[in-house]
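Taking it in order: structure first as structure tokens, then the write-up.
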Amino acid sequence: MSNAEQSITPKILVVGQGAREHALLHALSQSPQHPQLFIAPGNAGCETLATLVPISATDVPALVDFAVSQGVTFVVVGPEAPLSLGLVDALAEKGIPAFGPSQACATLESSKFFAKQCMAQAGVPTAHYAYCQTQAEGFTALEAIGKPPYVVKEDGLAAGKGVTIASTLDEAKKAVEHAVEKAMPVVIESFLEGVELSLFAICDGLHAVPLPPAQDFKRVGDEDTGLNTGGMGAYSPVYFADEALVSAVQTKVLVPMLKTMAERGTPFHGLLYVGLMVHPHKPESLNVVEFNVRFGDPETQVVLPLLTAENVDVLALLQASATTGALATLFPQWVASGYTPSQLPWFCERSNQARPSAVTVVLASQGYPEAYSTGNPIVLPQFDTLEQGVMIYHAGTQKSADGAGLLSAGGRVLSVTALAENLPQARRKAYQAIEAVDFPTGFNRSDIALKACQF
Ligand code: AMP
Ligand code: GLY
């Protein structure tokens, strides 16, 4: 490589260590900009795509030092914790652009109360709520709701574990007591009926570009039974998230939220993850359940392959988020059309039987999301035996001591993903690939995307 070529090779640091970050690396590696990739700290699966950097995702000073010393040109932040710790702000002080919001905007995820206040300011539809700092306030708010189910949310970053949907008043009161004991305020809100949908929007402070809608499966057991997890599988696109619904999210949520955040003096850059409760084919009934400020896991593992299948340069997309207004240059027709979803290259309004789709199934350690053991052997199928379009993204994996084998190192271990010309094919391929993984101490749900295959 000549000096000139070397000087224009982007040096990208991805922060995080899950299957989401493995999928991000995979998408970035397909960029026509041919980036040099680093990941801190990464996992055993990332080694073929990037240099692993042994720095924790929450060690902000060490990450900034690494980026400065290595001449990193762009940082892609996966998880929420470094965003809440101000990684993007600290990088900006050193002149290094990043994909992700400022610390101020990351509060949309770390505080349910702050998110509710911003939604109220923006006029975004969401459940009615009460913010309670004492047990007495909490009990009064629950009694005002008057009938189950009761929704009690701790007001802090809880990795999905701080929300209780209680079917009795007693259970709801216990959740309030539990939070108050930890000196944690709670948001109590009315229960929303409907189906959940995840819509990710890449934001540049002015515009919010919606990515293919996805659904994740949060409960550990088939047919949505058992405990809540970080996510046991996902598929995209979603049969009922048609152009009318995505347009309604744009008009009712994305445009007003970006305007509000800019007016507050904290324009939103990065990814706004809109967790929605909707009624299929009734765009007027949508409500926001929550905001997150980063890519969702496992939805990313299905959303990104759909973008790269359309030859989208994911690196250029993420880079554009860091510069105010830059998304308009990437998608001029979409802006000119007044944000019509069908003007985006990945938007396709056909049935699940007739459009490119992706499915991911999570292989987890037995016992997850409660206690589980690690260090158990996994044997993956040879890469060249996998069907085209199958990707095995690693989450909790590590190399064995001799470097020859693969061991489990977490609760969610692998995210087995397949891309195909329609949803039933993608589902079949993902489950066939799961069969080819030898992980005797693992388990997976067997019904990911099953119902959606009927539509
Ligand atoms: P959150 O962390 O706010 O997304 O809440 C976690 C999960 O709890 C959501 O994905 C929903 O399944 C459920 N949930 C949260 N708030 C509500 C609500 N107001 N009504 C119904 N379900 C809810
Ligand atoms: N898929 C849920 C999350 O990433 O929070």
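For T9 and D224, what is the calculated FRET efficiency with R₀ set at 51 Å and r taken between the beta-carbons, to the nearest 0.05? About 0.65, to the nearest 0.05.
The candidates M184, M119, arranged from most to least accessible area with a 1.4 Å probe in the full protein assembly, appear as M184, M119.
Taking 0.36 nm per residue of sequence separation and removing the Cα-Cα distance, the N422/H279 pair yields an extension gain of 49.1 nm. The Cβ shell under 13 Å around H279 holds other residues with a net charge of -3, Lys and Arg each +1, Asp and Glu each -1. Once C-alpha pairs closer than 8 Å and six or more residues apart are averaged by separation and normalised to the residue number of region 216-362, the relative contact order reads 29 percent.
Could you work out the longest stretch of the chain that avoids the GluC sites (Glu not before Pro) located in DSSP loops with at most 12 other Cβ atoms within 10 Å? Maximal segment without exposed cleavage sites: 1-192. The Cα center of region 267-318 and the Cα center of region 104-129 differ in position by 18 Å. Phi angles of region 368-373 translate, via the Karplus equation with coefficients 6.51, -1.76, 1.60 and θ = phi - 60°, into HN-Hα couplings of 4, x, 8, 4, 8, 9 Hz per residue; Gly and Pro are given as x. Relative contact order of region 377-455, taken over Cα pairs closer than 8 Å and 6 or more residues apart, is 33 percent. Taking all Cα-Cα distances within region 172-280, those exceeding 24 Å account for 43%. A straight chain from E93 to K147 at 0.36 nm per residue would run longer than the Cα-Cα distance by 14.4 nm.
For the pair R350 and E263 in one chain, pulling the backbone fully straight at 0.36 nm per residue adds 27.5 nm over the alpha carbon distance. Taking all Cα pairs closer than 8 Å and separated by 6 or more residues, the relative contact order of the chain comes to 16 percent.
When the surface is traced with a 1.4 Å probe over the full set of protein chains, R428 keeps roughly 100 Å² accessible. If you plug the beta carbon distance of T324 and L52 into 1/(1 + (r/R0)^6) with R0 = 45 Å, you get a FRET efficiency near 0.85. Close amide H contacts of S400 (hydrogens built in the peptide plane, cut-off under 5 Å, sequence separation of 5 or more or a different chain): G405, L406, L407. If you take the beta carbon distance between S69 and T251 as r and set R0 to 41 Å, what does 1/(1 + (r/R0)^6) give as a FRET efficiency, to the nearest 0.05? That pair, S69 with T251, gives E of 0.35.
When the residues T107, T58, T48 are ordered by accessible surface, computed with a 1.4 Å probe over the protein chains alone, the sequence from largest down reads T48, T58, T107.
Listed values for region 263-268 are Karplus-derived 3J(HN,Hα) couplings in whole Hz (6.51 cos²θ - 1.76 cosθ + 1.60, θ = phi - 60°), namely 5, 6, x, 10, x, 8, and x replaces Gly and Pro. From its DSSP helices (H runs of at least four residues, each -39,500 (n - 2.57)), the chain gives a residue-normalised ellipticity at 222 nm of -8500 deg cm²/dmol. The string of couplings for region 404-419 from the Karplus curve (6.51, -1.76, 1.60, θ = phi - 60°) is 8, x, 10, 10, 6, 9, x, x, 8, 10, 9, 10, 8, 10, 9, 10 Hz, one whole number per residue in order, with x for Gly and Pro. In this view, the solvent-accessible surface of K147, computed with a 1.4 Å probe and all protein chains in place, comes to about 140 Å².
Loop-located chymotrypsin sites (Phe, Trp or Tyr not before Pro) across region 260-357 with a Cβ neighbour count of 14 or fewer within 10 Å are lacking, with loop assigned by DSSP.
The values are calculated or read from the model by the stated rules, or taken from the named source; none is laboratory data. What you are looking at is a predicted structure, and each value in this text was computed from that prediction instead of being measured. Please note: Cβ atoms are built from the backbone with ideal geometry, for glycine as well, and neighbour counts cover all protein chains shown. Heavy atoms of the whole protein, side chains included, go into the accessibility calculation; ligands, DNA and RNA do not. Shrake-Rupley method; radii C 1.70, N 1.55, O 1.52, S 1.80 Å.
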